[in-house]
Amino acid sequence: MRGITSTTLARRSKRLNRIFASVGFAAVVLSAMAGAGSALAFPQWVTPGPGDALLSVGAAGPTPAWIAFCAQRPRECAHDPSEPDTIVLDQANWKMIVDVNERVNKEILPVTDQDHWGVADRWDYPDDGLGDCEDIQLLKRRLLTQAGLPQRALRMTVVIDEIGAGHAVLMARTDRGDYILDNKRNAVLPWQQTGYRYVKREGSDSATWVWLGNQAAPIVTATK
């Protein structure tokens with residue numbers, strides 16, 4: 001890991017321990033939401049139309065790294081049909097989503113899987129304070145589900161980014177459309193405003209992934 005010293009890792013690990021301490025990061029988020037004077041403004045909504053949700057077009061195969069992740073952590077990939085498949089996007093939930101996105105982006109140092117693990121693509125939690133795009137989104141999902149949001153509505157998603165590379169984001173499927181949590185920006189945007197090409201995501205009706213367009217899927221998602 002070029003440019004990453006043991007001192008940097010120790011400092012970052014201490015910060016993470018403080019954030020994810022006994023009461024849990026979710027409690028920190030909920031407490032912050034209750035405080036006055038939040039800088040996070042609730043968007044001015046219009047009634048969602050048919051284009052607000054990104055429609056799937058059939059079954060897709062997951063990346064090999066996702067299959068390996070699920071073999072190690074099957075509960076993280078389980079499908080629970082009793083959960084809602086969308087989030088009610090009221091002001092409290094919106095603030096929580098935006099806050100988690102921003103806080104995790106701030107605390108996790110982006111580093112490629114090649115530099116981190118010596119492999120092209122590996123999906124895992126960034127427990128050492130280091131991770132690439134999919135690791136960072138997995139952590140956001142874990143924190144949001146711990147705070148009470150349904151995992152079934154928080155879908156890991158593969159896109160083609162602005163430089164034509166494979167990239168992973170977290171799609172929050174809501175009653176006001178699909179929104180994207182991304183480690184490349186702190187703003188949580190509607191999927192149409194990201195500039196990405198959407199390839200596939202976890203399905204909402206089963207554990208099977210679904211296609212989001214008639215495009216070739218990247219083999220790996222290991223950009224930072």
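The values are calculated or read from the model by the stated rules, or taken from the named source; none is laboratory data. The model shown is predicted, which means the values in this text are computed figures rather than measured ones. Note that we place each Cβ from the backbone using ideal geometry, even for glycine, and neighbour counts take in every protein chain shown.
The table below lists the values:
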{"quantity": "Every residue from segment 165-205 that is of a type in the set (S, T, N, Q), assigned to a strand (DSSP E or B) and over 20 Å from LEU55 (Cβ atoms)", "calculated": "ASN186"}
{"quantity": "Close pairs from segment 63-80: first over 18 Å from LYS200 (Cβ atoms), partner among the aromatic types (Phe, Trp, Tyr), Cβ under 9 Å, at least 6 apart", "calculated": "ARG73/TYR125"}
{"quantity": "Flag if LEU212 is under 15 Å from ARG155 (Cα atoms), crowded, with 23+ Cβ neighbours inside 10 Å, in contact with a helix residue (DSSP H, G or I) (Cβ under 6 Å, 6 or more places away or on another chain) and at pLDDT 90 or above", "calculated": "no"}
{"quantity": "Count of residues meeting criterion [surrounded by fewer than 18 Cβ atoms within 10 Å (Cβ to Cβ) and on the phi > 0 side of the Ramachandran plot] in segment 115-137", "calculated": "1"}
{"quantity": "Only listed residue being surrounded by 15 or more Cβ atoms within 10 Å (Cβ to Cβ) and over 11 Å from the mean Cα position of the chain (by Cα), chosen from LYS140, LYS200", "calculated": "LYS200"}
{"quantity": "Of the criteria (1) surrounded by fewer than 23 Cβ atoms within 10 Å (Cβ to Cβ); (2) in contact with an Asp or Glu (Cβ under 9 Å, 6 or more places away or on another chain); (3) over 21 Å from ALA53 (Cα atoms), which one ALA147 fails", "calculated": "(2)"}
{"quantity": "ALA147 being touching a residue at least 60 places away in the same chain (Cβ under 8 Å) and either under 13 Å from GLU76 (Cβ atoms) or in contact with a helix residue (DSSP H, G or I) (Cβ under 8 Å, 6 or more places away or on another chain) (or both)", "calculated": "yes"}
{"quantity": "Selection count, segment 89-118, where residues are closer than 22 Å to TYR179 by Cα and either part of a helix (DSSP H, G or I) or at pLDDT 95 or above (or both)", "calculated": "18"}
{"quantity": "Residues that are in a strand (DSSP E or B) and within 23 Å of ALA92 (Cβ to Cβ), drawn from segment 129-164", "calculated": "LEU154, ARG155"}
{"quantity": "Output for segment 52-88, where each listed residue is part of a loop (DSSP other than H, G, I, E, B) and buried (at least 16 other Cβ atoms within 10 Å of the Cβ)", "calculated": "ALA53, LEU54, SER56, PRO62, THR63, THR86"}
{"quantity": "Unmet criterion (only one of (1) modelled with pLDDT of 95 or more; (2) more than 17 Å from the chain's Cα centre (by Cα); (3) more than 19 Å from VAL119 (Cβ to Cβ)) for ALA68", "calculated": "(3)"}
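Rundown of residues vs (1) basic (Lys, Arg); (2) in contact (Cβ under 8 Å) with a residue 60 or more places away in the chain; (3) closer than 18 Å to SER56 by Cβ; (4) in contact with a Ser or Thr (Cβ under 9 Å, 6 or more places away or on another chain), yes/no style:
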{"site": "GLY118", "(1), (2), (3), (4)": "no, no, no, no"}
{"site": "ILE160", "(1), (2), (3), (4)": "no, no, yes, no"}
{"site": "GLY166", "(1), (2), (3), (4)": "no, no, no, yes"}
{"site": "TYR198", "(1), (2), (3), (4)": "no, yes, yes, yes"}
{"site": "SER206", "(1), (2), (3), (4)": "no, yes, yes, no"}
